[in-house]
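Shown next, in structure tokens, is the structure this report addresses.
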Amino acid sequence: MMRTRPLKVALLGCGVVGSEVARIMTTHADDLAARIGAPVELAGIAVRRPDRVREGVPAELVTTDAMELVKRDDVDVVIEVIGGIEPARELITTAFAHGASVVSANKALVAADGAALHAAAERHGADLYYEAAVAGAIPLVRPLRESLAGDKVNRVLGIVNGTTNFILDKMDTSGAGYSEALDEATALGYAEADPTADVEGFDAAAKAAILAGIAFHTRVTIDDVHREGLTEVTASDIASAKRMGCTVKLLAICERAADGASVTARVHPAMIPLSHPLASVREAYNAVFVESDAAGQLMFYGPGAGGSPTASAVLGDLVAVCRNKVAGTTGPGESAYTQLPVSPMGEVVTRYHISLDVADKSGVLAQVATVFAEHGVSIDTVRQQGRPDADGEASLVVVTHRAADAALSSTVEALRGLDTVRGVASIMRVEGE
Ligand SMILES: NC(=O)c1ccc[n+]([C@@H]2O[C@H](COP(=O)([O-])OP(=O)(O)OC[C@H]3O[C@@H](n4cnc5c(N)ncnc54)[C@H](O)[C@@H]3O)[C@@H](O)[C@H]2O)c1
Ligand SMILES: N[C@@H](CCO)C(=O)O
Ligand code: NA
């Protein structure tokens, strides 16, 4: 039976995502009401620039005072799509204190302070949902939190940033330059307000922290995630990858250690074989593999960025928290009972592709091989190529077997110390084999 008092929603932020949330709430109002069992209405929309014309957004709902809006007694749900740490955090905690549940797309905030936010929600008998924060429209937070709650997840591996995938894809397929590709991603609404968050890997690291925490039932913050962006990836890395039958992707990788006693979370560019399903993830699409004991390998794929896809995830959460309100209950909160520590990057074990500029003379190969052996890093393949442009120099490309990141780092340091090694042109991890 439909309850007659409408549920009131405060929308904070009306940018790329917020404007789409407002549009869908208006156009789908009847369906949303039927699915929730109560009408759902916008109580107000907090914006920073009230003079901006926003098509389809009722002017009488617009306010610049977000704090006053979240304190209103008639507000049942707050949707936070402002982004950043403050004032989003204070607005969300104030919303909880006033009895409202919160839907947020804010990965930066959840990855920095998720535990405190969950605790505040629980204290006030409210919900905190953030499906949109990880991989946009793709259902991932809820499947991990609910559908896989009876299984044991061991690994989450994927492409979780649309902007960087768009850039790498354009560079790889159309030969576009880095800044041209970034400008296009920004114009399409994929990039964050400050694209540094995307290209330096902060956005993906925040998502990795959230995924690792939920997947392994422990607490992982963005500071625990090893992060390398794509600003160091060169055209020559992409060409090297092609020669190996690989492509370069910015990956987020969360793993439970083999002994089950710790976890790792990292974001970095990596070479993956063209035969791997992640290699064919194009443009701003995201794809995430989840490996678990009972289910085996699951793949989640879809649009990970953009106003309308992200709004889809926000609306899904809105329906869920509204249903909970109607039923007088709350959904699952934080599950961090395993308290597994997060190991440093040095303990991660993977394969490496290293490209060295070396003196083109006898004995160099043996010298280089000795350095690898001395550090316990086993070589899989070596390819030497003369460089007609550089007199007396050659390129040596070494691909290793699986080795600890710390062992690889000390190998590279020792290689740099050799007179015959003129430079380390690139080091890239090789994943997905
Ligand atoms: N764009 C995407 O593809 C995408 C995807 C997933 C998640 N997200 C997340 O969604 C959130 C919003 O992203 P966006 O792309 O819509 O950003 P945006 O910059 O387009 O929109 C944010 C809006 O909030 C407004 N704002 C800032 N401070 C405010 C305040 N104090 N009161 C009221 N309004 C305020 C800004 O003026 C801006 O219009 C972020 O947390 C982002 O990480 C975005
Ligand atoms: N800037 C983000 C938005 C989605 O979180 C991206 O490019 O993936
Ligand atoms: Na999602």
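The values are calculated or read from the model by the stated rules, or taken from the named source; none is laboratory data. Values in this document were obtained by computation on a predicted structure and should not be read as measured data. Glycine gets a Cβ as well: all are built from the backbone with ideal geometry, and neighbour counts include every protein chain shown. For the accessible areas, the whole protein counts, side chains as well, though only heavy atoms, and no ligand, DNA or RNA atoms are used. Shrake-Rupley method; radii C 1.70, N 1.55, O 1.52, S 1.80 Å.
Count of the stretch 131-161 residues, restricted to those that are within 11 Å of ligand 2 (Cβ to nearest atom) and either of a type in the set (S, T, N, Q) or part of a loop (DSSP other than H, G, I, E, B) (or both), is 7. Evaluated against (1) under 30 Å from Met25 (Cβ atoms); (2) more than 16 Å from ligand 2 (Cβ to nearest atom), Val288 falls short on exactly one condition, (2). Of all the residues that make up the stretch 141-155, how many are closer than 14 Å to Ala295 by Cβ and within 16 Å of ligand 1 (Cβ to nearest atom)? Of the residues in the stretch 141-155, 0 are closer than 14 Å to Ala295 by Cβ and within 16 Å of ligand 1 (Cβ to nearest atom).
Within the stretch 271-300, the set of residues being open to solvent by 80 Å² or more (accessible area, probe 1.4 Å), among the polar types (S, T, N, Q) and assigned to a strand (DSSP E or B) comprises just one member, Gln297. Taken over the stretch 299-339, the residue count meeting the criterion of being within 16 Å of ligand 1 (Cβ to nearest atom) and either more than 30 Å from Ser262 (Cβ to Cβ) or out of contact with any helix residue (DSSP H, G or I) (no Cβ under 9 Å at 6 or more places or on another chain) (or both) is 16.
Restricting Arg416, Arg402, Arg383 to residues that are farther than 15 Å from Ser426 by Cβ and among the charged types (D, E, K, R) narrows the list to Arg402. What tally of residues in the stretch 95-110 results from selecting those that are within 24 Å of the chain's Cα centre (by Cα) and in a helix (DSSP H, G or I)? So the answer is 4. Figure legend. Inter-residue proximity from the stretch 142-166: first residues among the aromatic types (Phe, Trp, Tyr), second residues part of a loop (DSSP other than H, G, I, E, B), beta-carbon distance below 8 Å, spacing 6+ or different chains. Indicated pairs: Phe166/Leu188; Phe166/Tyr190; Phe166/Glu283; Phe166/Ala284. The stretch 184-267 holds helices (runs of 4 or more DSSP H) entirely within its bounds, and those carrying 3 or more residues that are within 18 Å of the chain's Cα centre (by Cα) map to 196-199, 202-216.
For the stretch 137-187, the candidate set comprises residues that are open to solvent by less than 30 Å² (accessible area, probe 1.4 Å) and among the hydroxyl-bearing types (Ser, Thr, Tyr); within that set, the residue that is nearest to Glu433 (Cα to Cα) is Thr164.
So that you can scan it fast, the table gives a plain yes or no per residue for (1) modelled with pLDDT under 95; (2) within 16 Å of ligand 1 (Cβ to nearest atom); (3) closer than 17 Å to Thr310 by Cβ:
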{"residue": "Thr94", "(1), (2), (3)": "no, yes, no"}
{"residue": "Asn106", "(1), (2), (3)": "no, yes, yes"}
{"residue": "Ala111", "(1), (2), (3)": "no, yes, yes"}
{"residue": "Gly114", "(1), (2), (3)": "no, yes, no"}
{"residue": "Asp127", "(1), (2), (3)": "no, no, no"}
{"residue": "Ala132", "(1), (2), (3)": "no, yes, yes"}
{"residue": "Leu157", "(1), (2), (3)": "no, no, no"}
{"residue": "Ser174", "(1), (2), (3)": "yes, no, no"}
{"residue": "Ala191", "(1), (2), (3)": "yes, yes, yes"}
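Here Ala126, Ala100, Ala119 are screened, and the one residue that is of a type in the set (A, V, I, L, M) and either within 16 Å of ligand 3 (Cβ to nearest atom) or surrounded by fewer than 24 Cβ atoms within 10 Å (Cβ to Cβ) (or both) is Ala119. Only one entry of Arg49, Arg35, Arg72 meets the criterion of being within 22 Å of Gly307 (Cα to Cα), open to solvent by 20 Å² or more (accessible area, probe 1.4 Å) and not polar (S, T, N, Q), and that entry is Arg49. Answer with yes or no whether Asp194 is within 12 Å of ligand 2 (Cβ to nearest atom), crowded, with 23+ Cβ neighbours inside 10 Å and acidic (Asp, Glu). No, not satisfied. Right, Val326: of a type in the set (Val, Ile, Thr), within 16 Å of ligand 2 (Cβ to nearest atom) and in contact (Cβ under 8 Å) with a residue 24 or more places away in the chain or not? In short, no.
Give the number of residues within the stretch 1-23 that are within 22 Å of Ile92 (Cβ to Cβ) and either more than 16 Å from ligand 3 (Cβ to nearest atom) or touching a strand residue (DSSP E or B) at 6+ places or on another chain (Cβ under 7 Å) (or both). Even if it seems obvious, please write down each step before you answer.
So in the stretch 1-23, the residues within 22 Å of Ile92 (Cβ to Cβ) come out as 7-22.
Then keep just the ones that are either more than 16 Å from ligand 3 (Cβ to nearest atom) or touching a strand residue (DSSP E or B) at 6+ places or on another chain (Cβ under 7 Å) (or both); that gives 7-15, 18-19, 21-22.
The qualifying residues number 13.
Can you find even one residue in the stretch 316-337 that is of a type outside the set (Phe, Trp, Tyr), within 29 Å of Val281 (Cα to Cα), open to solvent by 20 Å² or more (accessible area, probe 1.4 Å) and at pLDDT 95 or above? Yes.
Quick check, is Ala212 more than 18 Å from Pro309 (Cα to Cα), surrounded by 18 or more Cβ atoms within 10 Å (Cβ to Cβ), in contact with a Cys (Cβ under 7 Å, 6 or more places away or on another chain) and in contact (Cβ under 8 Å) with a residue 24 or more places away in the chain? Outline the logic, then answer.
On the way: more than 18 Å from Pro309 (Cα to Cα): yes; surrounded by 18 or more Cβ atoms within 10 Å (Cβ to Cβ): yes; in contact with a Cys (Cβ under 7 Å, 6 or more places away or on another chain): yes; in contact (Cβ under 8 Å) with a residue 24 or more places away in the chain: yes.
Considered against the rule, which asks whether it is more than 18 Å from Pro309 (Cα to Cα), surrounded by 18 or more Cβ atoms within 10 Å (Cβ to Cβ), in contact with a Cys (Cβ under 7 Å, 6 or more places away or on another chain) and in contact (Cβ under 8 Å) with a residue 24 or more places away in the chain, Ala212 comes out as yes.
What is the residue count in the stretch 170-216 for residues that are among the small types (Gly, Ala, Ser) and either away from ligand 3 (no atom under 16 Å from the Cβ) or over 30 Å from Ala149 (Cβ atoms) (or both)? Reasoning before the result, please.
Of the residues in the stretch 170-216, the ones among the small types (Gly, Ala, Ser) are 174-177, 179, 181, 185, 187, 189, 191, 193, 197, 201, 204-206, 208-209, 212-213, 215.
Now restrict to residues that are either away from ligand 3 (no atom under 16 Å from the Cβ) or over 30 Å from Ala149 (Cβ atoms) (or both): 174-177, 179, 181, 185, 187, 189, 191, 193, 197, 201, 205.
Total meeting the criteria: 14.
Close Cβ contacts (under 9 Å, 6 or more residues apart or on different chains) running from residues in the stretch 421-433 that are more than 10 Å from Leu356 (Cβ to Cβ) and open to solvent by 30 Å² or more (accessible area, probe 1.4 Å) to residues that are of a type in the set (Lys, Arg) and assigned to a strand (DSSP E or B) comprise Glu433/Arg351.
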